[in-house]
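The values are calculated or read from the model by the stated rules, or taken from the named source; none is laboratory data. Predicted model, so just to flag it, every value in this text is computed and none were measured. Backbone-built Cβ (ideal geometry, glycine too); neighbour counts: all protein chains shown. Heads up: the accessible areas ignore ligands, DNA and RNA and are worked out on the full protein's heavy atoms, side chains in. Shrake-Rupley method; radii C 1.70, N 1.55, O 1.52, S 1.80 Å.
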Amino acid sequence: MFPKAEDGIMMIGQRGVGRRKPCFIIAEAGVNHNGSIKLAHELVNVAINAGCDAVKFQTFKPEKVSSPFAPKAIYQLETTATDESQLEMGKRLELPFAAFRELHQHCIDKGIIFLSTPFDYESADFLEELPVPAFKVPSGELTNLFFLEHIAQKGSPLIVSTGMATMDEVAIAVETIRATGNQQMVLLQCVSSYPASPSSMNLRAMQTLEDAFKIPVGLSDHTVGTEVAFAAVALGACIIEKHFTLSQDLPGPDHRASLEPKDLVKLVKGIRNIEEALGDGIKRPASEELNTADVARRSLVAARFIPAGTVFTVDMLDILRPGTGLPPAMRSQVLGRRALNDIEPGVMLRLDMLA
């Protein structure tokens with residue numbers, strides 16, 4: 001019924017995502033538009049200029065997410081008004097569906113993938129209609145199995161964040177998704193704190209998740225800076241999701257845990273450099289170091305004047321740079337043989353000098 005992730009690869013639009021594919025970089029705009037469609041469009045442009053694969057927002061109906069009595073998280077209280085409820089904050093940060101249609105078209109026109117995280121059924125159905133090529137499941141909805149099932153049944157690839165979750169909770173979520181017939185998913189290691197401490201990130205959990213569920217893995221990174229994301233790519237993350245903003249000084253819950261535009265550029269460039277550096281795992285000389293090998297390695301050299309007919313002994317040989325003559329490992333093949341001609345001191349030996 002649903003497309004399968006062939007050999008650990010799923011398609012997000014025209015982009016293959018998974019093992020042995022370039023890391024899929026999601027610029028997480030989230031609610032850093034502060035409820036302004038103009039600011040949201042500016043964020044899309046920043047993601048495009050940085051070279052990200054996708055830009056992602058959050059789509060929600062506040063009344064379908066938070067009760068009037070839902071408190072804010074500590075990090076939200078630190079960055080927003082303390083007398084404002086979570087519901088009131090959501091209303092202030094909400095964008096209407098019409099705004100997402102605009103942003104979706106903006107992304108199509110500029111050639112970047114548009115994604116948005118739904119937080120309620122109506123928003124999920126709207127995004128399906130838009131459409132989006134994949135659904136992001138936020139960490140807070142991992143245990144909302146009815147909602148997980150609703151999204152998974154749409155048949156699109158799922159990017160599932162696992163912040164705050166135990167291994168058992170992840171297992172139940174994966175089982176719920178797979179039970180719908182949808183086998184296309186990536187699990188993201190995540191720590192749901194803004195900003196998160198590098199010491200809490202536990203990047204090795206990515207391998208634990210991949211081994212346990214045979215699913216590609218990535219990282220939703222809420223730490224400050226780019227180092228943790230770089231480490232995750234080196235460890236095999238096939239997706240990196242990173243919050244970004246126009247300025248960390250803007251008011252709002254997520255700006256201080258977000259990259260500014262110049263750092264988003266550094267993130268993308270750094271990830272691409274790391275991918276090139278990882279290589280294919282075959283140990284062999286790089287083409288650019290062959291000249292260095294000629295200069296830095298050593299050869300068998302005449303340690304003194306050697307008259308023609310002389311039988312070579314150890315004391316007649318030296319091992320000196322450059323490495324363009326007989327290698328040191330051939331010394332045993334030289335010893336006991338005779339010099340065909342006189343050999344001056346310092347001359348590199350060749351096989352045609354030996355009888």
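Numbers at a glance
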quantity	calculated
Residue in the stretch 66-87 that is open to solvent by 10 Å² or more (accessible area, probe 1.4 Å) and within 14 Å of S116 (Cα to Cα) present	no
In the stretch 7-51, residue surrounded by the fewest Cβ atoms within 10 Å (Cβ to Cβ) [restricted to those that are in contact with a strand residue (DSSP E or B) (Cβ under 9 Å, 6 or more places away or on another chain) and of a type in the set (D, E, K, R)]	D7
Options Q153, Q189: the member that is within 28 Å of C107 (Cα to Cα), buried (at least 18 other Cβ atoms within 10 Å of the Cβ) and not charged (D, E, K, R)	Q189
Test result for E175, without any contact (Cβ under 8 Å) to a residue 60 or more places away in the chain and either open to solvent by 10 Å² or more (accessible area, probe 1.4 Å) or of a type outside the set (F, W, Y) (or both)	yes
Given (1) under 18 Å from the mean Cα position of the chain (by Cα); (2) open to solvent by 20 Å² or more (accessible area, probe 1.4 Å); (3) within 22 Å of K136 (Cα to Cα), index of the condition P195 fails	(1)
Selection from the stretch 161-172 of residues that are touching an Asp or Glu at 6+ places or on another chain (Cβ under 9 Å) and either outside any loop (DSSP other than H, G, I, E, B) or in contact (Cβ under 8 Å) with a residue 60 or more places away in the chain (or both)	S161
Identity of the residue in the stretch 219-270, among the hydroxyl-bearing types (S, T, Y) and part of a loop (DSSP other than H, G, I, E, B), that ends up farthest from N34 (Cα to Cα)	T226
Single unsatisfied condition, K266 versus (1) under 22 Å from Y194 (Cα atoms); (2) over 18 Å from the mean Cα position of the chain (by Cα); (3) open to solvent by 70 Å² or more (accessible area, probe 1.4 Å)	(2)
Sole residue being among the hydroxyl-bearing types (S, T, Y) and more than 17 Å from the chain's Cα centre (by Cα), chosen from S161, S200	S200
Count of residues meeting criterion [in contact (Cβ under 8 Å) with a residue 24 or more places away in the chain and among the acidic types (D, E)] in the stretch 281-317	1
E210 charged (D, E, K, R), open to solvent by less than 60 Å² (accessible area, probe 1.4 Å) and in contact with a strand residue (DSSP E or B) (Cβ under 7 Å, 6 or more places away or on another chain)	yes
Residue list for the stretch 278-327, filter: of a type in the set (V, I, T), out of contact with any Asp or Glu (no Cβ under 6 Å at 6 or more places or on another chain) and open to solvent by less than 90 Å² (accessible area, probe 1.4 Å)	T292, V295, I306, T310, V311, T313, V314, I319
Pairs where the first residue, in the stretch 259-280, is closer than 19 Å to A234 by Cβ and the second is among the acidic types (D, E), C-beta under 7 Å, 6+ apart	none
Some residue of the stretch 217-225 being over 22 Å from K262 (Cβ atoms) and surrounded by fewer than 24 Cβ atoms within 10 Å (Cβ to Cβ)	no
Residue count for the stretch 12-49, restricted to those that are over 27 Å from G279 (Cβ atoms) and in a loop (DSSP other than H, G, I, E, B)	7
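Condition check ((1) in contact with a Ser or Thr (Cβ under 6 Å, 6 or more places away or on another chain); (2) within 22 Å of N273 (Cα to Cα); (3) in contact (Cβ under 8 Å) with a residue 12 or more places away in the chain) across all residues:
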| site | (1), (2), (3) |
| --- | --- |
| A196 | yes, no, yes |
| S199 | no, no, no |
| A205 | no, no, yes |
| L209 | no, no, yes |
| T226 | no, yes, yes |
| A229 | no, yes, yes |
| I239 | no, yes, yes |
| F244 | yes, yes, yes |
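Residue by residue, here is whether (1) in contact with a Leu (Cβ under 9 Å, 6 or more places away or on another chain); (2) within 9 Å of V301 (Cα to Cα) holds:
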site	(1), (2)
F312	yes, no
L317	yes, yes
P327	yes, no
M330	yes, no
Q333	yes, no
N341	no, no
L349	yes, yes
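A quick yes/no check of all residues on (1) over 18 Å from H222 (Cβ atoms); (2) modelled with pLDDT under 95:
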position	(1), (2)
F69	yes, yes
Y75	no, yes
L95	yes, no
A99	yes, no
I112	yes, no
D120	yes, no
L130	yes, no
N144	yes, no
A152	yes, no
